[in-house]
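See below for the structure under consideration.
The values are calculated or read from the model by the stated rules, or taken from the named source; none is laboratory data. The structure displayed is predicted, hence computed values, not measured ones. FYI the Cβ positions are ideal-geometry reconstructions off the backbone, even for glycines, and counts take in every protein chain you see. The area values use the complete protein model at the heavy-atom level, side chains included, leaving out ligands, DNA and RNA. Shrake-Rupley method; radii C 1.70, N 1.55, O 1.52, S 1.80 Å.
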2 protein chains.
Amino acid sequence: MRIGVLGTGIVGMAIADRLVGLGHEVTMGSRSADNPDAAHWARSAGERAGHGTFADAAEAGELLFNCTAGTGSLDALRSAGAELVAGKILVDVANPLDFTGSMPPSLLVSNTDSLGEQIQRAFPEARVVKALNTMRCQIMVDPGRVPGAHDVFVCGDDAAAKRQVREMLTTFGWPDESIVDLGGIGSARGTEAYLLLWLRLWGALGSRDFNIHVAQAP
Amino acid sequence: MRIGVLGTGIVGMAIADRLVGLGHEVTMGSRSADNPDAAHWARSAGERAGHGTFADAAEAGELLFNCTAGTGSLDALRSAGAELVAGKILVDVANPLDFTGSMPPSLLVSNTDSLGEQIQRAFPEARVVKALNTMRCQIMVDPGRVPGAHDVFVCGDDAAAKRQVREMLTTFGWPDESIVDLGGIGSARGTEAYLLLWLRLWGALGSRDFNIHVAQAP
């Protein structure tokens with residue numbers, strides 16, 4: 001499949017590497033066509049890897065991953081252009097973390113709104129699925145890194161889009177029973193707010209190599 | 001031990017019942033001395049159970065549980081009186097959920113502050129420990145209700161107070177390895193924000209009989 005990955009940070013790199021490894025053709029997009037990190041990645045990741053602007057990545061991809069910093073996601077997607085994301089599944093992995101204040105960071109949007117919803121509202125023809133934003137990127141693409149049961153959440157208004165993302169998560173290594181459908185994109189308020197607990201867990205455990213499992217009574 | 005339980009809702013009832021069952025002397029406090037729910041509870045819970053105003057409960061208890069609705073917790077504690085909570089461990093179980101708007105509820109304080117911190121600031125001589133607020137009350141007092149590993153978080157600035165709450169949680173049935181110390185009371189931002197995910201999980205699972213486990217890589 002042809003996939004556009006927006007963002008050249010560690011999350012974008014991890015997702016893009018995994019996708020290329022799974023046989024997909026990946027175009028990594030950034031603000032400028034000559035981003036050195038993206039260029040280096042494309043050279044080293046092999047013939048199925050390319051790079052360009054956000055618009056290049058959005059145009060090339062049949063499915064898109066938003067791996068930009070949450071505070072810049074709307075701008076990145078505007079730069080890609082609404083017409084290029086229309087009709088496409090947009091997996092939103094970003095969190096609207098504000099690193100300008102005291103640490104740990106807070107959220108720039110939260111509680112009564114979420115970045116996932118903002119993106120869906122700004123790009124009503126995109127099929128936004130919030131997923132994978134509740135863990136470090138190494139676990140996103142290799143859940144076996146953390147032993148035992150642990151879960152990934154998907155939120156979105158488009159059931160068919162969620163099904164397709166679910167299938168892709170399975171190829172990443174997520175067992176079907178570990179993929180928890182939280183409902184509509186409004187549920188992104190929940191998974192983004194969880195970041196505030198995630199940050200405290202990171203501080204308490206001294207490691208980001210963890211994820212949560214939802215244990216249920218029978 | 002003599003314990004004051006502030007609040008007469010289902011959380012206060014569950015905590016108070018469990019404490020009486022463990023042999024503690026419990027005074028349940030409410031706004032008025034003649035709250036019928038508290039009176040009924042005290043009659044049916046046996047000779048170790050009493051009831052009265054918030055101030056009565058705070059005076060009677062060597063350790064206090066705040067089980068009031070989060071939106072009324074500061075008022076309840078002011079009504080109890082700062083001098084009666086001073087020096088005492090105050091286990092804050094409340095969440096500042098706002099049920100006046102659209103459902104699921106949002107938080108009245110979140111992200112850059114928390115109810116736990118507000119209480120600690122308003123009552124600087126209380127030894128506030130945020131705990132148990134991340135699950136339904138039946139699980140708080142009977143973690144075995146949910147099979148497998150799952151966790152409870154404690155946050156607070158007073159290490160000795162957290163140790164004592166940890167011991168009490170153990171008597172509730174929490175294995176020591178399932179009690180996660182998140183650090184200072186500022187970490188209540190994390191556990192309270194998690195409620196936004198908890199509410200979405202409730203909606204998606206159709207049940208509140210769940211709790212999360214933090215799975216870690218070795």
**Condition met for A:PRO104 (open to solvent by 40 Å² or more (accessible area, probe 1.4 Å), within 14 Å of another protein chain (Cβ to nearest Cβ) and either of a type in the set (Asp, Glu) or in contact with a helix residue (DSSP H, G or I) (Cβ under 8 Å, 6 or more places away or on another chain) (or both))** = yes
**Item:** Enumeration of residues in the stretch A:145-169 that are within 19 Å of A:MET13 (Cα to Cα) and not charged (D, E, K, R)
**Value:** A:VAL165, A:MET168, A:LEU169
**Request:** Residue by residue through the stretch A:26-49, note down the ones that are buried (at least 19 other Cβ atoms within 10 Å of the Cβ) and either under 22 Å from A:GLY87 (Cα atoms) or aliphatic (A, V, I, L, M) (or both).
**Result:** A:VAL26, A:THR27, A:MET28, A:GLY29, A:SER30, A:ALA38, A:ALA42, A:ALA45, A:ALA49
**Complete:** Given the conditions (1) facing another protein chain (nearest Cβ under 10 Å); (2) among the basic types (Lys, Arg); (3) touching a Phe, Trp or Tyr at 6+ places or on another chain (Cβ under 8 Å), every one holds for B:LYS130 apart from (1)
**Message:** Looking at (1) surrounded by fewer than 18 Cβ atoms within 10 Å (Cβ to Cβ); (2) away from chain B (no Cβ under 12 Å), which one does A:GLY156 not meet, given that it meets all the others?
**Reply:** (1)
**Prompt:** So which residues in the stretch B:175-195 are in contact with a Ser or Thr (Cβ under 7 Å, 6 or more places away or on another chain), within 10 Å of chain A (Cβ to nearest Cβ) and not aliphatic (A, V, I, L, M)?
**Reply:** B:ARG189, B:THR191, B:GLU192, B:TYR194
**Request:** Could you please let me know if A:LEU22 is more than 14 Å from chain B (Cβ to nearest Cβ), touching a residue at least 24 places away in the same chain (Cβ under 8 Å) and of a type outside the set (Phe, Trp, Tyr)?
**Result:** yes
**Asked** Tally time: how many residues in the stretch A:84-108 are among the hydrophobic types (A, V, I, L, M, F, W, C) and under 28 Å from A:GLU59 (Cβ atoms)?
**Response** 8
